[in-house]
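Structure, as structure tokens:
A short reminder: the numbers here are calculations on the coordinates, not readings from a lab. Keep in mind the model is a prediction, meaning the values are calculated, not measured. All Cβ positions, even for glycine, are placed from backbone atoms using ideal geometry, and neighbour counts span all protein chains on display.
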Amino acid sequence: MNNGGGKRINGGTEEDDDEDDVNGDLDAWERTYTDERSWESLQEDESGLLRPIDNKALYHSQYRRRLRSLSSIATAARIQKGLIRYLYVVIDLSRAASEMDFRPSRIAVIAKHVEAFIREFFDQNPLSQVGLVTIKDGVAYCLTDLGGSPESHIKALMNKLECSGDSSLQNALDLIDGYLNQIPSYGHREVLILYSALSTCDPGDIMETIQKCKKSKIRCSVIGLAAEMFICKHLCQETGGIYTVALDESHFKELILEHAPPPPAIAEFAIANLIKMGFPQRAAEGSMSICSCHKEAKVGAGYTCPRCKARVCELPTECCICGLTLVSSPHLARSYHHLFPIAPFDEVPPSHLNDPNNKLQRNCFGCQQSLLNPGNKPGLFVVCPNCKRRFCLDCDIYIHESLHNCPGCESFRHSKPVISNEE
């Protein structure tokens with residue numbers, strides 16, 4: 001009996017060793033998928049039931065840490081922002097992009113988050129334009145020209161995701177330099193390179209190309225999906241860009257979205273200019289005219305240039321006939337919050353809600369939900385430093401990332417004339 005038990009124990013030990021060997025052969029990211037340890041995402045509440053862990057407080061602390069860092073940079077000095085940006089996104093489609101260290105592959109993760117980045121970019125930069133460039137087989141291709149339509153860029157990208165050959169950083173920079181040299185001086189020229197390879201196969205001296213980009217005032221930033229490369233770091237240092245390396249998919253998403261808000265303008269490039277802009281009228285739905293951007297007759301709504309009466313399909317854009325910059329008034333209004341950002345709200349300890357001497361509101365001023373958790377326990381909340389109104393964590397994030405105005409301050413501003421009239 002003892003021997004049999006010993007055999008079973010040894011057999012069990014051998015099986016465990018085999019499992020350990022199998023797991024030991026896997027990379028760290030593979031083990032997170034094979035062994036998700038889902039029980040660790042549960043916690044026991046007061047009644048003894050298992051509930052998912054609430055990550056709201058953790059997410060909010062990360063958000064506020066990023067918000068404070070941005071506000072400290074903005075308040076350190078009067079910083080000029082580049083509101084009219086001309087950005088080329090360079091996507092590495094070499095064979096390295098088909099690697100599977102990001103699930104399901106690097107290019108699948110890149111395409112997913114580039115789509116989200118393009119939409120976020122146009123939401124925060126309505127006066128700006130984006131173009132797409134791909135690198136494949138040592139050659140750089142212009143996938144889409146500079147434009148203000150997110151749908152056209154996304155559609156073109158999703159149809160060209162095949163990976164092959166080597167990557168050439170120099171060819172991509174030469175191609176983009178030729179395009180951005182035609183941009184007016186008031187536009188901020190930028191390049192965002194999503195680089196998967198660990199080498200670059202160049203036809204000439206890439207150091208000369210980097211100096212040419214620096215002379216053309218092109219700000220180059222790189223997000224690497226592999227290890228750090230000296231040439232990418234040198235490129236960003238010379239042109240005033242940012243070089244980062246993504247650790248995983250969530251980190252890559254965070255890094256690429258950091259390039260959506262307008263960056264501070266470089267001192268020697270920040271030249272104030274008056275810009276002529278036209279506000280075109282929307283054409284009637286049933287009208288037919290020749291589109292100046294597609295060179296073909298189109299039926300339906302479009303926009304008419306106020307100077308030369310040419311038809312364009314989308315805004316913002318530059319008239320192909322007279323060269324006038326065409327925008328709409330909402331585009332200018334949406335760019336306003338970057339010049340005067342709302343101040344971060346102050347965190348308040350939850351114990352203040354139970355203070356008998358504190359008779360301030362116990363509901364969020366934004367959504368009117370109670371600031372108390374189930375069981376009348378105080379929850380986390382914030383206070384506007386100007387109007388002293390209280391807000392929950394969700395409203396805090398919504399106000400700073402989407403609304404860009406404090407409802408409490410706006411209500412005081414609109415109520416002042418009423419009070420003065422009554423007096």
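Mind ranking 340-349, 319-328 by how tightly packed they are, going by the mean number of other C-beta atoms within 10 angstrom, highest first? List each step's numbers first, then the result.
Values: 340-349: 14.9, 319-328: 17.2.
Sorting 340-349, 319-328 by mean packing, highest first, produces 319-328, 340-349.
Exceeding 22 Å between C-alpha atoms, which entries from my cross-link table qualify? They are K155/K295; K233/K253; K217/K295; K136/K295. Before the final figure, lay out each step's value.
Values: K155/K295 20 Å; K233/K253 20 Å; K217/K295 32 Å; K136/K295 30 Å.
From K155/K295; K233/K253; K217/K295; K136/K295, over 22 Å: K217/K295; K136/K295.
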Work from the charge dipole of the range 79-258 (Cβ charges, +1 for Lys and Arg, -1 for Asp and Glu, about the Cα centre) and give the residue of V191, I84, G138 farthest towards its positive end. I84
Relative contact order computed over the range 79-258 (Cα-Cα under 8 Å; 6+ residues apart), in percent: 24 percent
Calculate, for V299 and L372, the FRET efficiency according to 1/(1 + (r/R0)^6) with r their C-beta to C-beta distance and R0 45 Å; round to the nearest 0.05. 0.20
Per-residue counts of other Cβ atoms within 10 Å, averaged by peptide: what ranking do you get for 212-220, 169-177, highest first? 169-177, 212-220
Sort 295-301, 98-104 by packing, meaning the average of other beta carbons within 10 Å per residue, with the highest value first. 98-104, 295-301
